[in-house]
Structure formats: structure tokens, C-alpha cells
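Have a look at the structure below before the remarks.
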Amino acid sequence: DTEVTQTPKHLVMGMTNKKSLKCEQHMGHRAMYWYKQKAKKPPELMFVYSYEKLSINESVPSRFSPECPNSSLLNLHLHALQPEDSALYLCASSQDPFGGGRGNTQYFGPGTRLLVL
Amino acid sequence: DQQVKQNSPSLSVQEGRISILNCDYTNSMFDYFLWYKKYPAEGPTFLISISSIKDKNEDGRFTVFLNKSAKHLSLHIVPSQPGDSAVYFCAASAQGGSEKLVFGKGTKLTVNP
């Protein structure tokens with residue numbers, strides 16, 4: 001089983017709204033990731049949680065706030081977003097981010113398509 | 001500086017023929033390589049990977065070849081099917097394990113019936 005689930009599938013929000021994206025995996029993976037993807041571009045890394053601790057923040061604006069309540073769950077809290085933040089937001093997980101080889105294989109969820117008006 | 005390059009933005013092949021997608025990398029520290037397939041508005045799906053200690057890995061219709069001296073890898077799909085039409089991303093991770101995957105810009109494959 002290599003399933004990563006994400007909710008909601010679609011989200012429309014205004015620039016003053018607060019919303020959250022959710023991601024879940026039950027593969028026992030120890031690293032979870034948030035990516036942003038625009039059309040015709042590769043995924044762009046935003047945050048990495050390794051062993052439930054934030055290990056990488058790719059200089060993401062503070063209007064995006066990640067949270068890892070436990071080893072299976074990852075949230076992305078959104079507040080005061082801009083229209084240019086509209087994109088597909090992807091969650092991924094990997095077994096062992098420092099083990100090398102297969103441990104680095106990231107499995108992606110289906111994504112949340114976000115539209116900011 | 002783009003460390004993983006997919007120089008062909010698009011590729012078109014006939015159903016039943018072979019599709020060959022290419023990827024070049026510049027960082028000698030990369031030791032694990034992956035291919036992902038992506039349909040529009042969906043998350044990337046892991047296809048196949050290869051470790052730098054191998055030069056070939058096969059999984060059904062998909063084979064990945066690695067030429068370390070040339071810093072080049074390729075994905076072969078045989079036979080190609082219309083359902084293979086998607087964007088394919090090559091990705092790499094560094095020696096000793098890394099939290100980051102470095103992605104190429106992708107190649108859009110179209111398989112014509």
C-alpha cells in the first residue's frame with residue numbers, strides 16, 4: 001500500500017480566509033512533504049517534516065504554516081493568501097529520508113487544487 | 001543551475017512503438033534516480049527507480065537505464081499505449097540519503113492510437 005490521501009480535493013478561498021489542507025499516510029513513513037505545483041512545472045518543495053520535526057522550510061511566506069500532529073498526519077494552514085498562490089498543493093511521504101536508496105522514494109497524494117480569489 | 005535536465009519538453013510516438021525519455025544530471029553526488037508519471041491535475045505517480053550501483057532496472061513495460069560515466073538515464077516504455085500519455089519527471093537524490101528530490105522540468109509524452 002503506497003497511498004497518501006489529501007483533503008479537500010478542491011478549495012476556493014478569498015484572500016481574507018483561513019483554511020487548512022490535510023494529508024494522511026499509514027505506511028509508517030518517517031518523512032512528509034508539502035509541494036506546490038503550477039501547470040507545466042515540476043513540483044516545488046515547500047516544507048519537509050522528518051521524524052515529526054520541521055527540517056526544511058524553503059523560504060516559504062508565513063501565510064503558509066505547516067503542522068505535523070503525529071507521524072501519519074500533516075496539515076498546511078493557509079491565511080491571507082494571494083491570487084498567485086493558486087496552484088496544486090501536493091503532499092508526499094517517504095520511508096526513511098536519510099537511509100538512501102529506496103528510502104528516498106517519495107509517494108505523492110492526489111493533491112488539493114487551490115484557487116484564491 | 002539545473003542539476004537534473006530533461007531537454008525534450010515533448011515526445012510523440014505511435015501506439016505499440018517504443019518511447020524513450022531522456023534525462024541528464026550534473027551532480028556526481030546523486031546516487032538514486034526515479035521516474036514519475038503525472039496526469040493533469042493529479043499528483044505524480046512513482047513509476048520506477050534505479051540505484052547508481054546498477055545500470056538497468058526493469059518493471060513490466062518500463063525499463064530505466066543508467067549511464068554513470070555520461071551522467072545520463074533513460075526510461076524506455078515498450079510497447080507504448082495511449083494511457084501512457086502524460087508528463088514524465090525524472091528526479092534524483094544525493095548520496096547517503098537526502099530529504100530532497102531534485103526534479104527535471106518534465107517531458108510530455110503523447111502516444112497516438
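I'd like the full set of residues that are in a strand (DSSP E or B) and under 25 Å from A:Met27 (Cβ atoms), limited to segment A:66-82.
Residues satisfying the conditions are A:Pro66, A:Glu67, A:Cys68, A:Pro69, A:Asn70, A:Leu73, A:Leu74, A:Asn75, A:Leu76, A:His77.
Out of everything in segment A:29-65 that is of a type in the set (Gly, Ala, Ser) and modelled with pLDDT of 95 or more, what residue ends up being surrounded by the fewest Cβ atoms within 10 Å (Cβ to Cβ)? Only one residue tops the list, namely A:Ser62. For segment B:63-102, taking the residues that are among the polar types (S, T, N, Q) and without any contact (Cβ under 8 Å) to a residue 12 or more places away in the chain, the one that is nearest to B:Phe33 (Cα to Cα) is identified as B:Ser98.
To keep it simple, each residue is scored yes or no on (1) farther than 30 Å from B:Met29 by Cβ; (2) away from chain B (no Cβ under 14 Å); (3) touching a Pro at 6+ places or on another chain (Cβ under 9 Å); (4) among the basic types (Lys, Arg).
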| residue | (1), (2), (3), (4) |
| --- | --- |
| A:Val60 | no, yes, yes, no |
| A:Glu67 | yes, yes, no, no |
| A:Asn70 | yes, yes, no, no |
| A:Leu78 | yes, yes, no, no |
| A:Ser94 | no, no, no, no |
| A:Asn104 | no, no, yes, no |
| A:Thr112 | yes, no, yes, no |
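Filtered by the rule that a residue be within 14 Å of chain A (Cβ to nearest Cβ), in a loop (DSSP other than H, G, I, E, B) and β-branched (Val, Ile, Thr), segment B:47-99 gives a lone residue, B:Ile53.
Could we say that B:Lys108 is farther than 24 Å from A:Gly103 by Cα and within 13 Å of another protein chain (Cβ to nearest Cβ) here?
yes
Restricting segment A:83-116 to residues that are at pLDDT below 95 and assigned to a loop (DSSP other than H, G, I, E, B), the residue that is surrounded by the most Cβ atoms within 10 Å (Cβ to Cβ) is A:Pro97.
Can you tell me which residue among B:Gly60, B:Gly16 is under 21 Å from B:Thr110 (Cβ atoms), out of contact with any strand residue (DSSP E or B) (no Cβ under 6 Å at 6 or more places or on another chain), small (Gly, Ala, Ser) and in contact (Cβ under 8 Å) with a residue 24 or more places away in the chain? Quick ask: steps written out before the conclusion?
Details: B:Gly60 fails: in contact (Cβ under 8 Å) with a residue 24 or more places away in the chain.
Being under 21 Å from B:Thr110 (Cβ atoms), out of contact with any strand residue (DSSP E or B) (no Cβ under 6 Å at 6 or more places or on another chain), small (Gly, Ala, Ser) and in contact (Cβ under 8 Å) with a residue 24 or more places away in the chain holds for just one of B:Gly60, B:Gly16, which is B:Gly16.
Exactly one residue among A:Pro69, A:Pro110 is without any contact (Cβ under 8 Å) to a residue 12 or more places away in the chain and within 16 Å of the chain's Cα centre (by Cα), and that residue is A:Pro69.
The values are calculated or read from the model by the stated rules, or taken from the named source; none is laboratory data. This one's a predicted model, so the numbers in the text were calculated from it and none came from an experiment. Neighbour counts are summed over all protein chains in view; Cβ atoms, including those assigned to glycine, are modelled from backbone coordinates with ideal geometry.
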